[in-house]
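The values are calculated or read from the model by the stated rules, or taken from the named source; none is laboratory data. As the structure is a computational prediction, the values presented were derived from the model and not from experiment. Cβ placement follows ideal geometry from the backbone for every residue including glycine, while neighbour counts extend to all protein chains displayed.
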Amino acid sequence: MHISSLFTTLVFSSLGHVAVAANITSSTTSSTTGTSTSTIPTPSQTSNSSPINGTMVAPTFDFLFAGKIPGTTRYSVEGPYGRRDAVPFTGATFFDGNGTEVATIVQHSSSSHSLHPDNGFTYSDSVFTFHFEDDQSYVFVKAYGVGILGTRIMLYLQMEIDGNSTRKDFNGQFFVGEFLYSPEESGRTLAIFKQNN
């Protein structure tokens, strides 16, 4: 599943930049500043890259689980950069692709803090505590995102997992997620994906 392009577009758009994809065909790129010249290797010359025909490989992701987070009270404060919201998550149940319940949000341990400036974007900073049913482990998640309130927010997630968990390999892995708002705004769906390449 290729969702990285949307995430990149949202991030770069929010910074006022345009993301441009380019094929790298030359063997080196030279830049001259004053009298000194430096040579920068292309990705195909870098040992830790994965080029295909001279281009970088786009990351792909596997769906892990998703769940609907019920609507709850929003606490707002107006500030010099826009409105700031704090929204506690009182609980939710998450399911894998087979419809099997895999985790719940621990009540009173998760919340979202977001900034809504005048540029139309929402910048989200959220924390979650998941309790997994199969091994009774806890996963602590920090999520940073950008998007449009009431529509979609794309997230980058960091996970901290207990070393005894069956998911201990999640530590240090790259995850993305998305909040999709329901039309009636009665809640939002959080889906989480793990990079597989």
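Take the conditions in a loop (DSSP other than H, G, I, E, B) and surrounded by 14 or more Cβ atoms within 10 Å (Cβ to Cβ) and apply them to S165. Does it pass? So S165 passes the test. Residues of segment 67-106 that are small (G, A, S) and closer than 13 Å to G187 by Cα: G67, G71, G91, A92.
The single condition among (1) at pLDDT below 90; (2) in contact with a strand residue (DSSP E or B) (Cβ under 9 Å, 6 or more places away or on another chain); (3) surrounded by 16 or more Cβ atoms within 10 Å (Cβ to Cβ) that M56 does not satisfy is (2). Within segment 110-121, identify whether any single residue is over 19 Å from the mean Cα position of the chain (by Cα) and free of Cβ contacts under 8 Å to residues at least 24 places away in the same chain, and answer yes or no. Checked against the condition, which is being over 19 Å from the mean Cα position of the chain (by Cα) and free of Cβ contacts under 8 Å to residues at least 24 places away in the same chain, segment 110-121 yields no hits at all. Determine, yes or no, whether G67 is within 19 Å of K194 (Cβ to Cβ) and either in contact (Cβ under 8 Å) with a residue 60 or more places away in the chain or surrounded by fewer than 16 Cβ atoms within 10 Å (Cβ to Cβ) (or both). When the stated conditions are applied, G67 passes them. When segment 141-167 is limited to residues that are of a type in the set (D, E, K, R) and within 18 Å of A103 (Cα to Cα), the one that is modelled with the lowest pLDDT turns out to be D162.
In the condition set (1) assigned to a strand (DSSP E or B); (2) closer than 23 Å to N197 by Cα; (3) in contact (Cβ under 8 Å) with a residue 60 or more places away in the chain, L157 is compliant with all but (3).
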